[in-house]
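Chemist: Got a structure for you, written out below as structure tokens; questions coming shortly.
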């Protein structure tokens, strides 16, 4: 890890790669595949595990974390698309729209199911 630069917080230094991605300063494949696909898969596995084991509170935390992450990754991919060729950048943006809609619906239905789970006791 790089030493903390004067005038920067430890948090800013720790999340510097993510901040660069948010600002569109990272290569598209790194953001799309690394931060996007792999991280989404990990979150989905965690969510499935929490559902299977009936951990309602952890499910709620994961829904909120996934929603925040989704906003971040969609913006990061959109902004980093300019770093790729027009074909790949446009394709990434189109897939990002579909990804965002799908994730929004999945999180909505997970939240509704979770609320029903809380109501059932």
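Chemist: What residue among 13, 49, 39 has the largest mean-square fluctuation in a Gaussian network model of the chain, using Cα springs under 10 Å?
Modeler: 13
Chemist: Evaluate the relative contact order of the chain (contact order divided by residue number), counting alpha-carbon pairs under 8 angstrom at least 6 apart; express in whole percent.
Modeler: About 31 percent, as a whole number.
Chemist: A further question follows. Which value in Å is the Kirkwood Rh of the range 39-120 over different Cα pairs?
Modeler: 13.8 Å
Chemist: Taking a point 7 angstrom from the Cα of residue 44 along the C-beta vector, which residues in the range 58-88 have backbone N less than 13 Å away?
Modeler: Inside the label zone: nothing.
Chemist: Relative to a virtual label point 7 Å from the Cα of residue 98 in the Cα→beta-carbon direction, which members of the range 55-82 show backbone nitrogen distances below 18 Å?
Modeler: Under 18 Å, as judged by backbone N against the label point of residue 98, lie 74-75, 77-78, 81 of the range 55-82.
Chemist: With a point put 7 Å past each Cα toward its Cβ, work out how far residue 19 is from residue 58 in nm, to one decimal.
Modeler: Placing both labels 7 Å along Cα→Cβ, they lie 3.2 nm apart.
Chemist: With springs only between Cα atoms under 10 Å apart, run a GNM on the chain and tell me which of 40, 66, 85 wobbles the most.
Modeler: Fluctuation is largest for 85.
Chemist: Just order 52-58, 25-31 by mean Cβ neighbour count inside 10 Å, highest at the front, would you?
Modeler: Per-residue mean Cβ counts within 10 Å order the peptides as 25-31, 52-58.
Chemist: Can you give the FRET efficiency to the nearest 0.05 for residue 109 and residue 8, using r as the Cβ-Cβ distance and R₀ = 35 Å?
Modeler: 0.30
Each reported figure results from applying straightforward, stated rules to the coordinates on display, with no laboratory input. If you're wondering where the values come from, they're calculated on a predicted model, not measured in any experiment. Using ideal geometry, Cβ is built from the backbone for each residue, glycine included, and neighbour counts are taken over all protein chains shown.
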